[in-house]
């Protein structure tokens with residue numbers, strides 16, 4: 001079974017802090033994704049990566065950056081956290097190809113105060 | 001990805017009743033994936049539909065892809081309390097961007 005592990009389940013940060021959300025998958029998947037989930041807005045894609053050191057912007061990349069130095073790890077970085085980035089962040093991975101099903105982690109609920 | 005509209009937003013049923021959620025697009029969809037998210041959980045992949053008119057079944061769940069590939073549905077026969085959760089459709093394209101609908105929250109009264 002694929003396991004996607006997000007380092008924190010809950011996180012509270014202050015406005016202006018630099019925040020790192022870590023995600024590790026154990027199935028050697030090429031593709032990795034970061035989504036945020038907000039009530040009434042569903043899941044929105046922030047960034048994705050289809051190979052090590054590769055990254056592509058999703059639909060809402062503003063205020064975020066990512067890092068993929070190793071195949072199994074995909075980090076989401078909030079350079080200067082703001083209150084509107086309070087959300088549930090979901091990491092996912094998938095096999096190669098554009099339409100492979102996603103395997104999600106348990107999510108990190110981030111609160112920015 | 002394209003925008004997919006999902007209806008209804010909420011559905012409350014009595015246990016044993018049927019349930020259907022719909023996913024619609026104004027343009028042709030390349031493929032549709034369905035996910036289920038239990039309360040407090042994360043989305044879990046259920047199925048993928050690719051062909052026009054495709055119908056797939058998983059026990060009490062029936063998934064359909066429209067003939068014109070502009071809509072899809074998920075039907076649950078005789079709901080159980082274990083069916084509670086939010087059901088999402090998602091449209092995939094050639095650019096790796098999987099676009100999710102906003103989901104249908106199903107609650108089941110025992």
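Would you point out the residue of the range A:72-96, among those that are assigned to a loop (DSSP other than H, G, I, E, B) and in contact (Cβ under 8 Å) with a residue 40 or more places away in the chain, that is nearest to residue A:52 (Cα to Cα)? Going through the qualifying residues, I end up with A:72. Scanning the range A:62-74 for residues that are out of contact with any strand residue (DSSP E or B) (no Cβ under 6 Å at 6 or more places or on another chain) and crowded, with 16+ Cβ neighbours inside 10 Å yields a count of 1. Selection over the range A:4-50 of residues that are touching a residue at least 12 places away in the same chain (Cβ under 8 Å), loosely packed, with under 14 Cβ neighbours inside 10 Å and within 11 Å of chain B (Cβ to nearest Cβ) gives a count of 2.
Set side by side, the residues A:93, A:67, A:100 differ, and just one is within 14 Å of chain B (Cβ to nearest Cβ), more than 17 Å from residue A:14 (Cα to Cα) and under 13 Å from the mean Cα position of the chain (by Cα), which is A:93. For the range B:91-110, filtering for residues that are modelled with pLDDT under 95, more than 7 Å from every other protein chain (Cβ to nearest Cβ) and crowded, with 20+ Cβ neighbours inside 10 Å leaves 2. Selection of strands (runs of 3 or more DSSP E) fully inside the range B:37-101 by the criterion of at least 3 residues being free of Cβ contacts under 8 Å to residues at least 12 places away in the same chain returns B:55-58. Candidates are the residues of the range B:1-29 that are under 25 Å from residue B:51 (Cβ atoms) and out of contact with any strand residue (DSSP E or B) (no Cβ under 8 Å at 6 or more places or on another chain); the one that is surrounded by the fewest Cβ atoms within 10 Å (Cβ to Cβ) is B:26.
The values are calculated or read from the model by the stated rules, or taken from the named source; none is laboratory data. Values in this document were obtained by computation on a predicted structure and should not be read as measured data. Cβ: placed from backbone, ideal geometry, glycine included. Neighbour counts: every protein chain shown.
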